[in-house]
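K.L.:
One structure is given below, represented as structure tokens, and several questions about it will come after.
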Amino acid sequence: MVVADERVLTNAHVVAGVDDLEVDGRPGALVGFDANRDLALMAVPGLDRRPVALARADAGDSGTLVAIDATATTVTHPFEVRRRIRATGEDIYRDEGAARRALEVESEFQQGWSGSGLFDGHGRLVAVAFAESRRRPGVTYAVADAEIAGFLAGTDDDRVDAGPCL
């Protein structure tokens, strides 16, 4: 998702260990990486896309999960927020002690859809999907708006390391 001029947000586990980034045929540079929040921010000079706004979603709110599949086709699925949670456990490298504000939502989610945006009915980004429940099919977890906002506020234009490959 484009979250600011020439800035693209995804999950950290999607770009971990990657040296060369590209968005729509344009080279990018990693300017934010948080293994705990599982968020990454790329600077993509010349990318001409309008940024999305952030919004909050609570239990009972609904919207659309927007993913790009392996064939570069846009896939959409409805979602409904079950609850806001504090997701605790491991970071993307399986180090203990990670915690982040997240949404537990009912929605289809498939491997390869990490970094998908969850948008409310006004087209505002409310979360970034990172995993499907291992125990409950149809339950997806997504990094909540407050974590996204905090992460974005802590980034600048300095290039950062993508960490080791997963």
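The values are calculated or read from the model by the stated rules, or taken from the named source; none is laboratory data. Fair warning: this is a prediction, and the values are worked out from it, not measured in the lab. Here the Cβ positions follow ideal geometry from the backbone for every residue, glycine too, while neighbour counts run over all protein chains shown.
K.L.:
From the list R86, R56, which residue is in contact with a helix residue (DSSP H, G or I) (Cβ under 8 Å, 6 or more places away or on another chain) and either modelled with pLDDT under 95 or of a type in the set (D, E, K, R) (or both)?
P.N.:
R56
Table: residues versus (1) of a type outside the set (S, T, N, Q); (2) surrounded by fewer than 13 Cβ atoms within 10 Å (Cβ to Cβ).
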{"residue": "H13", "(1), (2)": "yes, no"}
{"residue": "D20", "(1), (2)": "yes, yes"}
{"residue": "P27", "(1), (2)": "yes, no"}
{"residue": "R37", "(1), (2)": "yes, no"}
{"residue": "P51", "(1), (2)": "yes, no"}
{"residue": "G60", "(1), (2)": "yes, yes"}
{"residue": "T74", "(1), (2)": "no, yes"}
{"residue": "T88", "(1), (2)": "no, yes"}
{"residue": "I92", "(1), (2)": "yes, no"}
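K.L.:
Same structure again: Mind listing just one residue for me: the one in the range 45-87 that is part of a loop (DSSP other than H, G, I, E, B) and among the hydroxyl-bearing types (S, T, Y) and, of those, farthest from the chain's Cα centre (by Cα)?
P.N.:
Step by step, filter the range 45-87, then rank; the result is T71.
K.L.:
Can you confirm whether the range 79-88 contains a residue that is touching a strand residue (DSSP E or B) at 6+ places or on another chain (Cβ under 9 Å), closer than 18 Å to V8 by Cβ and of a type outside the set (S, T, Y)?
P.N.:
There is no residue in the range 79-88 that is touching a strand residue (DSSP E or B) at 6+ places or on another chain (Cβ under 9 Å), closer than 18 Å to V8 by Cβ and of a type outside the set (S, T, Y).
K.L.:
Something else: Looking at R159, R136, can you tell me which residue is within 23 Å of D69 (Cα to Cα) and either of a type in the set (K, R) or more than 16 Å from the chain's Cα centre (by Cα) (or both)?
P.N.:
R136
K.L.:
What pairs come out if I take residues in the range 44-63 that are more than 20 Å from E22 (Cα to Cα) and touching a residue at least 24 places away in the same chain (Cβ under 8 Å) and pair them with residues that are surrounded by 15 or more Cβ atoms within 10 Å (Cβ to Cβ) and among the aromatic types (F, W, Y) whose C-beta lies under 7 Å away, six or more apart or interchain?
P.N.:
Once the first residue is more than 20 Å from E22 (Cα to Cα) and touching a residue at least 24 places away in the same chain (Cβ under 8 Å) and sits in the range 44-63, its partners that are surrounded by 15 or more Cβ atoms within 10 Å (Cβ to Cβ) and among the aromatic types (F, W, Y) give S62/F79; G63/F79; G63/F119.
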